[in-house]
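Notes follow the structure.
The values are calculated or read from the model by the stated rules, or taken from the named source; none is laboratory data. Just so we're clear, the structure is a prediction, and the values are computed from it rather than from any experiment. Note: ideal-geometry Cβ built from the backbone for every residue, glycine included; neighbour counts use all protein chains shown. SASA here: full protein model, heavy atoms, side chains in, ligands and nucleic acids out. Shrake-Rupley method; radii C 1.70, N 1.55, O 1.52, S 1.80 Å.
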Amino acid sequence: MKLTLHVWRQKSRDDKGRLEIIEANNVSTHMSFLEMLDVVNEDLIAKGIDPIHFDHDCREGICGMCSMVINGVAHGHQKGTTVCQLHMRYFNDGDHIFIEPWRAKAFPILKDLVVDRSALDRIMRAGGFISVRTGGAPDGNAIPIPKDDAEKSMDAAACIGCGACVAACPNASAMLFVAAKVSQFAYLPQGRVEREKRVSAMVAQMDAEGFGSCTNHYECEAVCPKEIPASMIAKMNREYCRALKKETCGESAKSWAGA
Amino acid sequence: MNNTAVARARSFPLVLVTSSIAKKFVMALTGFVAFGYVVGHMIGNLQIFIGQNQINAYAKALHSMGPLLWLVRGFLIVCIVLHIWLGAQLRIENWVARPDGYARKKSLKTGLPARTMIWTGALIFAFVIYHILQFTVRSTDPRFEELFDTLGRHDVYSMVILGFQNIWISGFYIVAVGLLCFHLSHGIWSMFQSLGWNNKRSERWLQGFAWIFASVMFLGYISIPIAVLGGFLKLPGGVAL
């Protein structure tokens, strides 16, 4: 099939950038979206034109590298998938496809569809870990964890840090990402030791990076390839409330913010 | 975990206007106060259907609270100022966070109320100013000051009817209350989410509850101008037009 691509081309960080029309011929319905771009790029290289730059790595939907807004939807319209798992069979011959990079002040565009997402790494560095050596994998059930908590923690840990939540949010807020990274620890006994410090540091870093804040549009959960629910943000808010209380009233304060 | 971001001084009152999530807490709490007022105000207003004596007595009782009335008013004003100030600040920050928009952007879940909170908020504020000038300060209509019932109380009943007999004032009021309830249809459930009182199961209930509550309030509020325009609420004998 033949497609007309409207691709964001931007030479460098300082370039203004513009949408360019690129015709994609000989697109097979079996291709993934990234394979389609590979074929288009082969064509462009043969013609001596700079190929379309885009991020990609595992191409099996788990690394969180691929990042493009396709026809106005981060990762494309297929629910719960990354761009690499979006297949061309979901498009029709003659379609016009708009391909744009993640757009947020905290994600500067480096080239074409490649953005700098190290702001998310800096948020992780601020507190997205536990600061003791955990050694090898412990024996099963050595630390008893209620099944419900284990499940919720795993749901949060599914986040691959792709940044689609930021791209989709009308406010370019990273709160779904931070909520997932805070919650994956907050539900587990190993993570609870530093819970207040963690949420406090990660939220402060998130604010410092220039992300917006949540106004409950729920666009993030609609595009999240790992289908992390926006109610996870309520969990982060609970954690933050707890941290605020502890910072204000000291260690001895009784917790009222809930577990 | 001792990085610079944590080390930044975050003393209690200041954090409420500097941290994004703390600001959301303040938005939710002040919004809750305003919401509580709006519910109470509607219940107060609906007493007009019981009759002239009831609503005038209610108004008299409120005004006889003296300093307590001003304490409540002061608290409300502080909450509203904080709500507007932080709401505007968050809105500007969120615009700044996305300097360049998309050529194509599809909304998948969000609705019009969520996307227009700042505008409905601004219009509600403009309406509140007019509403206070009309019925509290009573500076928009010279007749309002001279209305007294047979017991010598200020005749709120006749004042409301006289005010709403003007179709433009009624129309403006209905539109403004509509915007208020539109604002609340997003705000009522959002405050639970912002304060962390939400999970996957409660979400649908909270959103449904918000819509129903906002709709009921809309109907409650507009029933008064509609009853006046429809001739159901009439001026008592002895009040000259």
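Note on the range A:117-249: with charges restricted to the Cβ of Lys and Arg (+1) and Asp and Glu (-1), its dipole about the Cα centre is near 380 debye. Candidates B:Trp70, B:Val216, B:Gln54 compared by Cα position along the dipole of chain B: farthest toward the positive end lies B:Val216, with charges placed on Cβ. Counting only Cα atoms, the size of the range A:168-230 along its three principal axes is 34, 26, 16 Å, in decreasing order. Other residues whose C-beta falls under 11 angstrom from the C-beta of A:Leu3 contribute a net charge of -2, scoring Lys and Arg +1 and Asp and Glu -1.
In sequence order, the range B:96-104 has phi-based couplings of 5, 5, 10, x, 10, x, 8, 5, 10 Hz under the Karplus curve 6.51 cos²θ - 1.76 cosθ + 1.60, θ = phi - 60°, and Gly or Pro positions carry x.
Only Lys, Arg, Asp and Glu carry charge here, each on its Cβ (+1 for the first two, -1 for the last two); on that basis chain B has a dipole of about 1180 debye about its Cα centre.
Over every Cα atom in the range A:65-162, the radius of gyration and the widest Cα-Cα span, Dmax, amount to 18.8, 58 Å. Couplings 3J(HN,Hα) of the range B:220-230, computed from phi: x, 5, 6, 4, 6, x, 5, 5, 6, 5, x Hz, in residue order, whole Hz [Karplus 6.51 cos²θ - 1.76 cosθ + 1.60, θ = phi - 60°; x for Gly and Pro].
Given a Förster radius of 56 Å and the C-beta distance between A:Glu35 and B:Val17 as r, what FRET efficiency does 1/(1 + (r/R0)^6) yield to the nearest 0.05? That pair, A:Glu35 with B:Val17, gives E of 0.65.
Take every Cα pair under 8 Å whose residues are at least 6 apart in sequence, average their separation, divide by the length of the range A:3-111, and the relative contact order is 35 percent. Straight-line reach from A:Lys152: taking Cα to Cα under 17 Å and skipping same-chain neighbours fewer than 8 places apart, the lysines in range are A:Lys181, A:Lys226, A:Lys235, B:Lys200. Per-residue ellipticity at 222 nm, computed for chain B from helices alone with -39500 (n - 2.57) per DSSP H run of at least four residues, works out to -23000 deg cm²/dmol. In vacuo Debye scattering of chain B, one point per C-alpha: log10 I(q)/I(0) at q = 0.09, 0.14, 0.17 Å⁻¹? For chain B at q = 0.09, 0.14, 0.17 Å⁻¹, log10 I(q)/I(0) is -0.50, -1.03, -1.36. What the phi angles of the range A:48-59 give under the Karplus curve with 6.51, -1.76 and 1.60, with θ = phi - 60°, is a coupling list of x, 9, 4, x, 6, 8, 8, 7, 6, 8, 6, 6 Hz, glycine and proline written as x. In straight-distance terms, cross-link reach from A:Lys16 covers every one of the lysines whose alpha-carbon lies under 30 Å from its own, apart from those fewer than eight places away in the same chain; here that gives A:Lys2, A:Lys47, A:Lys105, A:Lys111, B:Lys105, B:Lys106. Rg over Rh for chain A works out to 1.04, using Cα positions for both radii and the Kirkwood form for Rh.
Between the amide H of A:Gly76 and those of A:Ile70, distances stay under 5 Å, these residues lying 5 or more places away or on another chain, with hydrogens modeled in the peptide plane. In summary, the range A:1-42 shows an alpha-carbon radius of gyration equal to 1.32 times the 2.2 N^0.38 Å reference for compact globular proteins. Note on chain A: helix-only mean residue ellipticity at 222 nm, from DSSP H runs of 4+ residues weighted -39500 (n - 2.57) and normalised by residue number, equals -11000 deg cm²/dmol. With R₀ set to 25 Å, the beta-carbon distance separating A:Thr248 from A:Ser131 gives a calculated FRET efficiency near 0.60.
The angle between the Cα long axis of helix A:118-127 and the longest principal axis of the Cα atoms of chain A comes to about 10 degrees, rounded to the nearest 10. Of all the stretches in chain A, which is the longest one without any exposed loop site, taking GluC sites (Glu not before Pro) in a DSSP loop (any state but H, G, I, E, B) with at most 13 other Cβ atoms within 10 Å? Value returned for the longest uninterrupted segment is A:61-226. With coordinates expressed along the principal axes, the C-alpha atoms belonging to the protein assembly as shown extend over 92, 61, 40 Å, beginning with the largest. Each Lys and Arg adds +1 at its Cβ and each Asp and Glu adds -1 at its Cβ; summed about the Cα centre, the range A:26-101 shows a dipole of about 240 debye.
Given a 1.4 Å probe and the protein chains as shown, B:Leu112 ends up with an accessible area of around 100 Å². Given a 1.4 Å probe and the protein chains as shown, A:Asp139 ends up with an accessible area of around 120 Å².
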